[in-house]
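Structure first, then comments.
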Amino acid sequence: MNLLREKLNEVIRSLLPVVVLVLLLAFTLVGAQMALIIRFLVGSALLLVGLSIFLVGIDLAMNPIGDHMATEVATSKSGIKLAILSFLMGFLVTVAEPDLLILGEQVEAASGGAIGAQLMVYLVSVGVGILIMLGTFRLLGGKMKYATFMCLAYMGIFALSIFVSEEFLAISFDSSGATTGALTTPFILALSAGLSRIKGGKTSEEDSFGMVGVMSAGPMYALMLMSIITGQKNIEGAPVAKPPLGILQMLPDEFFKSIFALLPLAALFFILNFIRFKISRREMGRVVKGLIYTLLGLTLFLTGVYAGFMDMGHLIGSRIAENYHWLLPVVGFLLGTIVVLMEPAVIVLGHQIENVTGGRIPLKMIRITLSIGVALAIAGSMIRIMIPAVKLWYFLLPGFLIAVFLSFRSDPVFVGIAYDAGGVASGPMTATFVLAFAQGAAAMTPTANVLVDGFGVIAMVAMAPVLSIMLLGAVFQHKVSRLPKEEHAMPEPVPLPSPGTPGAFDCVVAVLNRGLSEDALSIAQAAGAGGATIIHGRGSGGHDLKFLSFEMLKEKEIVIWLIDSRISDAIASCLHAQLDLSGQGGGKIFIVPALAMGIKAPGQLPPQAGCAIPDGQDNRGAGAQP
Amino acid sequence: MIPDALFFAVVDRGKAGDLLHWAQDKGVSGGTIFQGEGTNPSPILNFFGISEIHKEVLMLGVTKELSHQLFTAMKDEFKMDKRYKGIAFVVPFRQWLPEGGQQGEPYDRTKPSPFVCLMVIMDKGKGEICMEIARKAGAGGGTIVHAHGAGVPQDFYFPLLIEPQKDLLMIIASRLQAPAIQEAIYQGMSLDQQGNGIILTLPVLRTIGLYQPRNTRKGGRR
C-alpha cells in the first residue's frame, strides 16, 4: 500500500458516513433539490481527492519542516535567539491564516470600524507568538508540568472573561478556533513532536502533544485584552456565510488563499535552510513536492467544502428547524459524530498519536471519544438555539473548569492530546458545514438570535473534546493506578567477570519498559559497552491493560548494543543483574549472534563469515557518535 | 522448553497486533512491536514522492517447535507465501530469563545459515540512500526503523541531552548475495570513516514471504 492509497482509504472511511447521512437526510426529512445534491456530491469528490493529497503533502513537507525548525530552536545557544525564533514561527503561521482574516473583517464590520481587521489579525498573531514562545520554554525547560501551565493559562482567561461581554467571550473562543486552521495545526503538531524528540528523556511522549492547546489560548488573550482596553463590548455581526459561487469560480480564489497561507512558513523554512539547515537535494525535493501537494490538496479540499457542504448544511439546519424542531439536537449529534473525523487536523493528530506512542494508545479510542465530545457540543448548541435562556457560558465555563481540574488527575499523555483536540476539532469542516447548519437552524427558530447564536458554535466544538478526552485520560489513569505497582529497584553492582575467549560480535538486546533505557545505558557503559541504538515499540506480556474493549499495550524501549562476543555474556549478565526485570512483562535481555563479517576496521579485509574477529577493534555502536 | 530463536515479522501497519494476539493464543508469553517503513523501488511513485509504505515489525521469542508452528500458520492463515503479505524470519538468540541465569547454548558461528539479515545503523535520512545502493547490489527490499542513539549532553541554552536520530535498515538477503550488498553499502556509505554508521549481519535460520523475482532483480517488496 503506498502513501496515496493509504490516505485515500483513510479519507474514504471517514467521508462515507457523512455522505450517507447527508443523502439520507436530503431525501427524507429535508427534501433537497437535485441540483444541490449534485453540488454536494461534486463537493465530496473534490474533498476526497483534496484531503488525500493534502495529507500526503503534510507527511512529506510539514513534518520535516517542523522537525528542522524544532532542531534549530532547541539547539540555540542563546535564550534570546530561542525566544525570537519560536515567537516568529507562532506569529507567521497565524498571520497568514485565511479564516482569521475573515473573522477580523466580521469584527471590523460589527464594531463599526473601531477595530480594524488587519489590526486584529496582528494582535491575535502576536498573542499566538507569545504563547508558542512560552510553551517552547516550558517544554525545553521541563520545570513546569504541562497541566499546571495550561491551568494558569485558563485561569487568566477566566479572570479576563469577567470583564468582557458574552458576545465578546464567544468571539474570543471562536477566534481561537479560527486560528487553529488546516495548515497551522499540522505544522504546530510537527513542531512540538520535533522539540520533544530532541529533548528526549522520560517525558518525551507527553511533550509531543499540547502545543496546539497552548497556541489556542493566544487569540483569547489578545481579543479579551483588546476588548477591555478599547472598551469595545458589543458585537453586532455574525459569521457570514458566503454567497454560493460556482465551483469553478471558487477554485482560483481558494488557490490564492492557500498560497497566502503557506507562503510565510515556506519562506521562513527556505531562508533558514539557506543559512543553517542546508538539507540534501533529495530531501529538498521531497519537501518541495510535499509543499506542492499541500497547496493543491488544500485548494481542492476547501473548494469542495465551501462549494458543496455549506449550502447543504444551511438547508438541513433550516428545514429541520422549520418542520421537525425537536429533532435538531439529534441531527446535530449525528452530524457532530461523523463530521469531526473529516477534519484534516484530526487525521494528522491521529497519526502523530500513533507514531509517538508507538501505537500504544489505540487511535480508535481517541477518535470515538473525540466524536462523542463534538457530537454533544453540537447537540448542546442546538439546545442553546432552541431555548434562549441557556447561555453559552453555562457550557463553556463549567466545561473548561472540569477539564482543568481533571488534567491533574489524568495520564500526562492524554492531557496534551486533550488540549490539542480542542484546536484540532475546530477546523474548516466545523467552520463551514457545522456553522452553516447552526445558522440555518437559528434562522428558522423564532426565539433565536441568528447574529448571537452564530458565534459560539465553534467555541463549543473547541471545548467539548478537551473535556471528553481529559475524562478518558482520568478514567485511564484510575485504571492504571489500580494495577499492581511495578518497582524498578536498582540492586548493588555486580563485579564484572573477566572476558572469555576471543570471538565475534554479539548484539545484546534489551527490551525494557519505558524510561528504563537510561539506567540500562549507564550500567552497560560502566560494564564496558559502547553506545547503543534505541527503538521505541510497544509490547505485551504479563498484565495487559484492557480498557473498554481496547487493549493498551505497554510502551517499550528496545536497546541494541553491538559488543565483542568475548564480553557480551558478561555485559548481558551485568544488565540482567542490575536491572530489576522480575515480574511478568518487566523486561528481557538477550543476545543475538552477529556474524563477524559485519564490522570492518579500516585497512582490514572483511573476515570470512564465522571466523574470529581480530583484537582491538572499535566496537562502539552508531549511537556513540553524536 | 526455553525460547531459542527470535521471530521477526514485517507486516502492514495495524496487523502486527493481530499477529501478536494470534501468537499469544499459541502460547507465546509476549512480544514487542515497533514501527518501520517499507521501501518501494517504483520510479513512478518515487517521482511523486509517495513511495513510503508504513510497516510494523513484530518481535517474539520462540521455541523451535513454536517457530515451526508459526511458519506453518504464516503460510496457511496469513498467506505470507504470497507477494505483498509481509515477511517473517527467525534469528537465533539466547535469553536471560527473569528467574535469573542465562539460558541456551551459544550459537555455533561456524554453522552456515541460508539467509542473513543485514542491519545498517546510520544517521537519520540516509536509510533510503542506503537502500538504493543495496538494491543496485542485488537486494530486494528493506525495512527502515527510526531509532535514536544514546543522549549526548551539549552546551545549549537549555542543557538538553540531544539524542542523535538514527535510521536502522534491515535487509534480508541470501548468503550468496550478502557479501556483495555489504561491500556495496560499506563503500557507498563510506562506513570506513568513523561516525558514518555501522553494518552488521545476523544469521537467519528460516524465512517466508521473500518474493524471488523471476528475471529482474527489482520487485521483491518487504
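Miscellaneous remarks
- Members of the range A:332-359 that are under 18 Å from A:A464 (Cβ atoms) and of a type outside the set (A, V, I, L, M, F, W, C): A:G332, A:G336, A:T337, A:E343, A:G350
- Residues of the range A:501-516 satisfying the condition of being facing another protein chain (nearest Cβ under 10 Å) and modelled with pLDDT under 80: A:G503, A:A504, A:F505, A:D506
- Cβ-Cβ distances below 6 Å connect the following pairs, each with a first residue in the range A:276-291 that is within 9 Å of chain B (Cβ to nearest Cβ), a second residue that is surrounded by 16 or more Cβ atoms within 10 Å (Cβ to Cβ) and not in a helix (DSSP H, G or I), and a separation of six or more residues or different chains: A:R286/B:G49; A:K289/B:G49.
- Residue selection: B:H68 fails the criterion of being assigned to a strand (DSSP E or B) and either out of contact with any strand residue (DSSP E or B) (no Cβ under 7 Å at 6 or more places or on another chain) or surrounded by fewer than 21 Cβ atoms within 10 Å (Cβ to Cβ) (or both).
- The set of residues in the range B:37-59 being facing chain A (nearest Cβ under 8 Å), outside any strand (DSSP E or B) and not hydroxyl-bearing (S, T, Y) consists of B:N40, B:L45, B:F48, B:G49, B:I50, B:E52.
- Test: A:A178 is outside any loop (DSSP other than H, G, I, E, B), modelled with pLDDT under 80 and either hydrophobic (A, V, I, L, M, F, W, C) or surrounded by fewer than 24 Cβ atoms within 10 Å (Cβ to Cβ) (or both): yes
- Among the residues examined, A:A35 does not qualify as small (G, A, S), in a helix (DSSP H, G or I) and within 14 Å of chain B (Cβ to nearest Cβ).
- Count - residues of the range B:189-220 that are modelled with pLDDT of 85 or more and of a type in the set (D, E): 0
Residue-by-condition table, conditions (1) hydrophobic (A, V, I, L, M, F, W, C); (2) more than 26 Å from B:L176 (Cα to Cα); (3) modelled with pLDDT under 85:
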residue	(1), (2), (3)
B:W22	yes, yes, yes
B:T63	no, yes, yes
B:K82	no, no, yes
B:A88	yes, no, no
B:F93	yes, no, yes
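- For A:E354: the one exception among (1) surrounded by 18 or more Cβ atoms within 10 Å (Cβ to Cβ); (2) touching a residue at least 40 places away in the same chain (Cβ under 8 Å); (3) closer than 30 Å to A:A377 by Cα; (4) within 14 Å of chain B (Cβ to nearest Cβ): (2)
- Under the condition of being part of a loop (DSSP other than H, G, I, E, B) and within 8 Å of chain B (Cβ to nearest Cβ), the residues counted in the range A:517-532 number 1.
- The set of residues from the range B:51-97 being among the hydrophobic types (A, V, I, L, M, F, W, C), touching a residue at least 12 places away in the same chain (Cβ under 8 Å) and more than 14 Å from B:G209 (Cβ to Cβ) comprises B:I53, B:M59, B:L60, B:V62, B:L66, B:V91, B:F93, B:L97.
- Of everything listed in (1) crowded, with 19+ Cβ neighbours inside 10 Å; (2) more than 10 Å from chain A (Cβ to nearest Cβ); (3) at pLDDT 85 or above, the single unmet condition for B:Y186 is (2).
- Identity of the residue in the range B:96-124, facing another protein chain (nearest Cβ under 7 Å) and closer than 28 Å to A:Q578 by Cα, that ends up modelled with the highest pLDDT: B:I121
- Selection from the range A:324-351 of residues that are under 14 Å from the mean Cα position of the chain (by Cα) and either closer than 14 Å to A:M382 by Cβ or not in a helix (DSSP H, G or I) (or both): A:E343
- When B:F78, B:F93 are screened for being crowded, with 21+ Cβ neighbours inside 10 Å, among the aromatic types (F, W, Y) and within 7 Å of another protein chain (Cβ to nearest Cβ), only B:F93 passes.
- Residues of the range B:182-199 that are in a loop (DSSP other than H, G, I, E, B) and among the aliphatic types (A, V, I, L, M): B:M189, B:L191.
- Residue count, the range A:315-337 (criterion: crowded, with 23+ Cβ neighbours inside 10 Å and either within 19 Å of A:V374 (Cα to Cα) or of a type in the set (V, I, T) (or both)): 8
- Of residues in the range B:14-36 being out of contact with any helix residue (DSSP H, G or I) (no Cβ under 8 Å at 6 or more places or on another chain) and outside any helix (DSSP H, G or I), the one farthest from the other protein chains (Cβ to nearest Cβ): B:K15
- Residue match in the range A:122-130 (condition: under 26 Å from B:Q165 (Cα atoms), small (G, A, S), in the same structural domain as A:A431 (by TED's automatic domain parsing) and buried (at least 18 other Cβ atoms within 10 Å of the Cβ)): no
- Residues within the range A:67-91 that are surrounded by fewer than 19 Cβ atoms within 10 Å (Cβ to Cβ) and away from chain B (no Cβ under 14 Å), tallied: 1
- Here A:K556 passes the criteria (1) more than 7 Å from chain B (Cβ to nearest Cβ); (2) modelled with pLDDT of 75 or more except the one numbered (1).
- The number of residues in the range B:12-33 that are touching a residue at least 60 places away in the same chain (Cβ under 8 Å) and surrounded by 24 or more Cβ atoms within 10 Å (Cβ to Cβ) comes to 0.
Here is a yes/no grid of residues against (1) in contact (Cβ under 8 Å) with a residue 60 or more places away in the chain; (2) among the hydroxyl-bearing types (S, T, Y):
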| site | (1), (2) |
| --- | --- |
| A:K81 | no, no |
| A:S86 | no, yes |
| A:G90 | yes, no |
| A:M133 | no, no |
| A:S161 | yes, yes |
| A:D174 | yes, no |
| A:P186 | yes, no |
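- Filtered residues of the range A:262-279 (kept if charged (D, E, K, R) and either modelled with pLDDT of 90 or more or part of a helix (DSSP H, G or I) (or both)): A:R276
The values are calculated or read from the model by the stated rules, or taken from the named source; none is laboratory data. Please read these numbers as outputs of a predicted model, since none were measured by experiment. When we count neighbours, we look across all protein chains shown, and the Cβ atoms used for this are built from the backbone with ideal geometry, even at glycine.
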